[in-house]
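**Q** Structure in structure tokens, see below.
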Amino acid sequence: MKRVVLISFLGALAASPAAAQNLPPEVVRYADTVFYNGKVATADAQFTMTKAVAVRDGKILKIGEDAAILPLAGPNTRKIDLRGKTLIPGIIDTHTHLHEYALDNYAKEVNPKLAEVFLVGRSKEDLLEQIKEAAAKAPPGEWLRFRLKPRAIADEFFYTLTRSDLDKVVSHTPTMVHVTDTRAMANSKALDALLKKYDAKTVKLPVDDKGEITGRLGEGISLIFYEEIIPKPRPEDLAPVYMKELELWAKGGVTTWSSSLGSEAITAFHYMDKKGMLPIRLAYTNEAMFRDNIHSESAINRFGDLIGHGTDYFWLIGVSSGSTDASYPGICSTLPGTSPQVKAREDCRLSWEGVRGKALYAAVKAGLRIAGTHSAGDKATDLMMDIIEKASADAGMSAEQIKAKRHVIDHCTMNPTQPQIVRSVKLGIIWSCAPKYLVNSGARVNRDYGEVAAHTMVTPVKAILDAGGKAVFEQDHHEGADPFIDISTFITRKDKDGRVWGPKNAVDRKTALLMATRWAAEYVLRENTLGSLEPGKWADLVILDKDYFTVPDDDIASVRGVFTMVGGKVVYDGLSASK
């Protein structure tokens, strides 16, 4: 009888708002924030549409109609009238490089000593003269890093000059001159620093027909410089630069992003996480020990399985070899091409006997997950799946164990083919697809490889889904801070000139949103806490300025976020600013 009386008493007390405020939070507490009078797309398994959301302790407390949610608001609850606006889960971008964009765009503004010097030249001679002028101000021993533009002149610089030409204008201090992120020229001082640690034959420095080292560095060697030779900046110096880019993406509605990181970025983001500085979440892959590390097999075998380990804002989701081939047009393809020039520029970086292939095999055999790896051609993709199959079999994994790893192949450009889609379903592979490759490459693929390739092998999202596979959303470019520009491409299939490529691979709005939310949460290994608005999941959500579900197709690209919350914390509030 006493138990019945006590339960009745507590029930009556909790039913009284005034009394409830006097109870300890362990017994009852109102929501921290309530959103109501809106159009809420939960992205749950049923894709429930409702009107209101309650948030407490950084998590979704309840969703439902206004009548069910508003009573959860107490005197101290922030109540946000959506006024009919659309509210969605936070956008998850599965492959982008905000740390690199930050340095490109904000280093000079926030911390000039971290910035590369950008040089725009009329000729290679002009660029050499500019390097000479800039280097004259540098004290001996200070590393100099230049990036050359425009691309055509930068390429001429790289392919026709050597380190001896560079030495003539800067010989007193180590210097790296970049044409792209993966191609650079080093002067003799820089090479001396490398050769104090590695033998020239060990790192396979390119030589000319006389056996002289040219100073031209490909992706592998340039990465050795950045990971092991060039002094790394301090995390506290990088953090303010990174923050500028993270805040920009938070404003756009991206609440989680994923990228392959080197040790410099891993250390800096770990520092920011410990300090509570990260406004949005980061699920990262480690490429520092894997990508072109000449000791990668040893490093992988000693790494241990830490996949999934981390905090609510910063966690490891895999290891990455960086790339299996180059960006278009330097893909690795089985297609014939329309000219010898097309085939000549293809770039197959992955092989069984190469550093990347051996490291990939070692990682899969060790039970690690592959993610964040760029693969732009069908030939490279076949080899990547060959290695996954072989290494898994050699490790004694069952078909279900292989699928459970959820390995990823990124970009969906000139891949996958239909046979690769079928094969990937058996392997449990997730495809991370970037609309930018359709926008920028559809016409070029059509020119180089024909209409069939252009309509079936560039971001073939619908084909993947129809076969029972999983395709998720990535952006992979700085302008992705406005994600609905890219999301709209999945729906319209239009390139920058308005031409439609692969209309049969178009998806509807619900599917496009799921790719960027619920399904993307599987890529980042947080489907139990991210990707949908369901009780108990993190309160990562975005309010939109237009109704994504009803605006004309061609207007989806103009949809923008006006309010972003991550873990119950407001990281962008355009609603208050507009009042």
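**Q** Count, please, the residues in segment 287-341 that happen to be touching a residue at least 60 places away in the same chain (Cβ under 8 Å), acidic (Asp, Glu) and buried (at least 17 other Cβ atoms within 10 Å of the Cβ).
**A** 3
**Q** Right, next: Considering only segment 490-506, state which residues are open to solvent by 10 Å² or more (accessible area, probe 1.4 Å) and under 28 Å from residue 543 (Cβ atoms).
**A** Scanning segment 490-506 gives 491, 492, 494, 506.
**Q** Right, another one. Looking at segment 118-142, which of its residues are crowded, with 19+ Cβ neighbours inside 10 Å and more than 16 Å from residue 187 (Cβ to Cβ)?
**A** 121
**Q** Can you confirm whether segment 312-326 contains a residue that is assigned to a loop (DSSP other than H, G, I, E, B), over 18 Å from residue 98 (Cα atoms) and at pLDDT 90 or above?
**A** yes
**Q** Now, a different point. Of the residues in segment 456-480, how many are charged (D, E, K, R), within 16 Å of residue 437 (Cα to Cα) and surrounded by fewer than 22 Cβ atoms within 10 Å (Cβ to Cβ)?
**A** Selection size over segment 456-480: 2.
**Q** Mind checking whether some residue in segment 521-531 is in a helix (DSSP H, G or I) and under 18 Å from residue 436 (Cα atoms)?
**A** no
**Q** Filter segment 361-375 down to the residues that are assigned to a loop (DSSP other than H, G, I, E, B), free of Cβ contacts under 8 Å to residues at least 60 places away in the same chain and among the aliphatic types (A, V, I, L, M) and list them by number.
**A** Across segment 361-375, there are no qualifying residues.
**Q** Right, here's the next one. Report yes if residue 104 is open to solvent by 70 Å² or more (accessible area, probe 1.4 Å) and modelled with pLDDT under 95, otherwise no.
**A** When the stated conditions are applied, residue 104 passes them.
**Q** Considering only residues that are among the charged types (D, E, K, R) and over 20 Å from residue 323 (Cβ atoms), which ones fall in segment 407-424?
**A** 423, the sole residue that qualifies.
**Q** How many residues are in contact (Cβ under 8 Å) with a residue 60 or more places away in the chain, under 28 Å from residue 566 (Cβ atoms) and charged (D, E, K, R) if we restrict to segment 217-265?
**A** Selection size over segment 217-265: 5.
**Q** Report whether or not residue 73 is small (Gly, Ala, Ser), closer than 23 Å to residue 231 by Cβ and crowded, with 16+ Cβ neighbours inside 10 Å.
**A** It is false that residue 73 is small (Gly, Ala, Ser), closer than 23 Å to residue 231 by Cβ and crowded, with 16+ Cβ neighbours inside 10 Å.
**Q** Right, here's the next one. Is it true that some residue in segment 131-138 is in contact (Cβ under 8 Å) with a residue 12 or more places away in the chain, outside any helix (DSSP H, G or I), in contact with a Pro (Cβ under 6 Å, 6 or more places away or on another chain) and closer than 23 Å to residue 165 by Cβ?
**A** So far as segment 131-138 goes, no, none of its residues is in contact (Cβ under 8 Å) with a residue 12 or more places away in the chain, outside any helix (DSSP H, G or I), in contact with a Pro (Cβ under 6 Å, 6 or more places away or on another chain) and closer than 23 Å to residue 165 by Cβ.
**Q** Do any helices (runs of 4 or more DSSP H) lying entirely in segment 384-450 carry at least 1 residues that are open to solvent by less than 50 Å² (accessible area, probe 1.4 Å) and farther than 30 Å from residue 494 by Cβ, and which ones are they?
**A** Qualifying helices (runs of 4 or more DSSP H): 399-405, 418-427.
**Q** Residues that are among the basic types (Lys, Arg): find the helices (runs of 4 or more DSSP H) completely inside segment 217-310 holding 1 or more of those.
**A** 235-252, 263-274, 296-303
**Q** Suppose we filter 29, 83 for residues that are modelled with pLDDT under 95, open to solvent by 60 Å² or more (accessible area, probe 1.4 Å) and part of a loop (DSSP other than H, G, I, E, B); which single one remains?
**A** Answer to the check: 29.
**Q** Could you list, ordered by first residue, the pairs with Cβ atoms under 6 Å in which the first is in segment 176-191 and without any contact (Cβ under 8 Å) to a residue 60 or more places away in the chain and closer than 9 Å to residue 158 by Cα and the second is open to solvent by 10 Å² or more (accessible area, probe 1.4 Å) and part of a strand (DSSP E or B), at least 6 apart or interchain?
**A** Close Cβ pairs (under 6 Å, with a partner that is open to solvent by 10 Å² or more (accessible area, probe 1.4 Å) and part of a strand (DSSP E or B)) amount to 185/216.
**Q** Among the residues of segment 143-189, count how many are assigned to a helix (DSSP H, G or I), over 27 Å from residue 325 (Cβ atoms) and open to solvent by less than 50 Å² (accessible area, probe 1.4 Å).
**A** Residues that pass the stated criteria total 5.
**Q** Now for a different question. Considering each residue of segment 420-445, count those that are under 23 Å from the mean Cα position of the chain (by Cα) and either closer than 14 Å to residue 406 by Cα or among the small types (Gly, Ala, Ser) (or both), and give that number.
**A** So the answer is 11.
**Q** Return the residues of segment 269-286 that are in contact (Cβ under 8 Å) with a residue 24 or more places away in the chain and either among the aromatic types (Phe, Trp, Tyr) or out of contact with any strand residue (DSSP E or B) (no Cβ under 9 Å at 6 or more places or on another chain) (or both); say none if nothing qualifies.
**A** Within segment 269-286, 269, 271, 275, 277, 284 qualify.
**Q** A further question follows. Please indicate, with yes or no, whether at least one residue in segment 508-524 is open to solvent by 10 Å² or more (accessible area, probe 1.4 Å), at pLDDT below 95 and farther than 19 Å from residue 425 by Cβ.
**A** Taking every residue of segment 508-524 in turn, none turns out to be open to solvent by 10 Å² or more (accessible area, probe 1.4 Å), at pLDDT below 95 and farther than 19 Å from residue 425 by Cβ.
**Q** Which of (1) modelled with pLDDT of 90 or more; (2) in contact with a Lys or Arg (Cβ under 6 Å, 6 or more places away or on another chain); (3) aromatic (Phe, Trp, Tyr) is the odd one out, the single condition residue 118 does not satisfy?
**A** Every listed condition holds for residue 118 apart from (1).
The values are calculated or read from the model by the stated rules, or taken from the named source; none is laboratory data. Quantities reported herein were computed from a predicted structural model and do not represent experimental measurements. Positions of Cβ are generated from backbone atoms using ideal geometry, with glycine treated the same way; all protein chains shown enter the neighbour counts. In case anyone asks, the SASA skips ligands and DNA or RNA and just uses the protein heavy atoms, side chains included. Shrake-Rupley method; radii C 1.70, N 1.55, O 1.52, S 1.80 Å.
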